[in-house]
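Below is one structure, written out as structure tokens; the observations come after it.
The values are calculated or read from the model by the stated rules, or taken from the named source; none is laboratory data. Bear in mind that the values here come from a model prediction, so they are computed numbers and not experimental data. Using ideal geometry, Cβ is built from the backbone for each residue, glycine included, and neighbour counts are taken over all protein chains shown. All accessible areas refer to the heavy atoms of the entire protein, side chains included, with ligands and DNA or RNA removed. Shrake-Rupley method; radii C 1.70, N 1.55, O 1.52, S 1.80 Å.
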Amino acid sequence: MSVCDNYRTVEEKVEAACRRAGRNRDEVTLIAVSKTKPVSMIEELLPIGVRDFGENKVQELTAKEEVLPKDIRWHMIGHLQRNKVKYVIDKACMIHSVDSLRLASEISKEAVKHGITADILIEVNVAGEESKFGVSVEETPSLVQEVAKLPGIKVKGLMTIAPYVDDPEENRGVFRNLRKLSVDIGEKNFDNVTMNVLSMGMTGDYEVAIEEGATHVRVGTGIFGERGTGIFGERNYNIEE
Ligand SMILES: *Cc1c(COP(=O)(O)O)cnc(C)c1O
């Protein structure tokens with residue numbers, strides 16, 4: 001199977017999930033997570049119109065951005081260190097992984113410096129897994145409120161990395177809880193906050209995530225194949241550099 005064949009298979013499943021949920025296909029952005037994969041594999045997808053790609057490391061995102069067409073939308077989905085914000089601020093279309101006011105402040109500072117508005121999501125550790133980054137459900141509303149006060153930042157919604165499970169149904173409750181949290185926060189009508197984006201669902205569970213309201217699904221393995229194991233193994237979704 002080629003990368004394009006894989007992509008089309010995932011696309012069909014995205015369409016089917018949208019139909020089941022009574023949603024329009026254009027409500028869901030399929031992000032091809034290209035981390036650890038070569039530029040040549042990304043290039044295979046360009047002729048069929050794919051433009052949304054996800055990376056979890058600053059160095060890899062900027063290296064690929066430099067050599068690939070400028071109309072690609074790069075999503076920063078991995079844990080971001082404050083000292084690296086300056087390298088991605090004008091390269092990423094959205095930062096999905098903001099989980100502290102300190103990080104948000106750095107993003108704000110760099111965005112103002114570049115004269116841009118950075119679209120960001122707050123990463124929520126819905127399942128409370130110790131190994132994961134992200135803020136707790138309880139802390140999320142106040143963090144959203146504080147982050148939204150910063151100049152040069154627009155809070156667009158929430159992101160979560162669900163637990164690794166064998167049966168995607170096990171994560172339905174996680175996705176439902178993130179959706180509920182986003183509705184609750186939306187109802188608070190904080191200035192400078194919209195809760196239109198829900199970034200949730202990966203290869204193992206994106207169909208369930210779409211049924212539960214995902215607007216952005218992040219699919220790596222399902223499109224590009226296994227990433228191999230090693231110290232940066234398959235399961236380590238959100239490693240520090
Ligand atoms: C790697 C990664 C993905 C994609 O994971 P797959 O299971 O390969 O689809 C999605 N989101 C984040 C944050 C990741 O780091």
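Does a label point 7 Å from the Cα of residue 112, set along Cα-to-beta-carbon, have any residues of the stretch 126-170 with amide nitrogen under 11 Å, and which are they? Residues 150-153 fall inside that zone. Rounded to the nearest 0.05, what FRET efficiency do residue 188 and residue 40 have when you use their Cβ-Cβ distance and R0 = 45 Å? Efficiency for this residue pair is about 0.45.
The antiparallel fraction among DSSP beta bridges confined to the stretch 3-229 stands at about 0%. Net charge around residue 41, counting only other residues with Cβ within less than 14 Å of its Cβ (Lys, Arg = +1; Asp, Glu = -1)? After counting each charged neighbour, the total is -2.
Computed over the stretch 3-229, relative contact order equals 21 percent, with contacts defined as Cα pairs under 8 Å that lie 6+ residues apart. Measuring nothing but protein heavy atoms, the accessible surface of the stretch 3-229 at 1.4 Å probe radius is 46 percent carbon and sulfur.
Comparing 228, 157, 134 in a Gaussian network model of the chain, where Cα atoms under 10 Å apart are tied by springs, the biggest mean-square fluctuation is seen for 228.
Please give the Cα centre distance for the stretch 102-145 versus the stretch 150-216, rounded to the nearest Å. For the stretch 102-145 versus the stretch 150-216, the Cα centre distance is 14 Å. Taking the charge dipole of the chain about its Cα centre, with +1 at Lys and Arg Cβ atoms and -1 at Asp and Glu Cβ atoms, the residue from 131, 174, 24 reaching farthest to the positive side is 24.
Solvent exposure of the chain amounts to 46 Å² per residue of accessible area, where only protein heavy atoms count and the probe is 1.4 Å. Screening the chain for whole DSSP H helices with an alpha carbon extent of at least 20 angstrom along the helix axis and a mean Kyte-Doolittle hydropathy of at least -1.0 yields 3-20, 172-187. The largest accessible area among 79, 96, 114 belongs to the first residue in 114, 79, 96, and the rest follow in falling order (1.4 Å probe, all chains).
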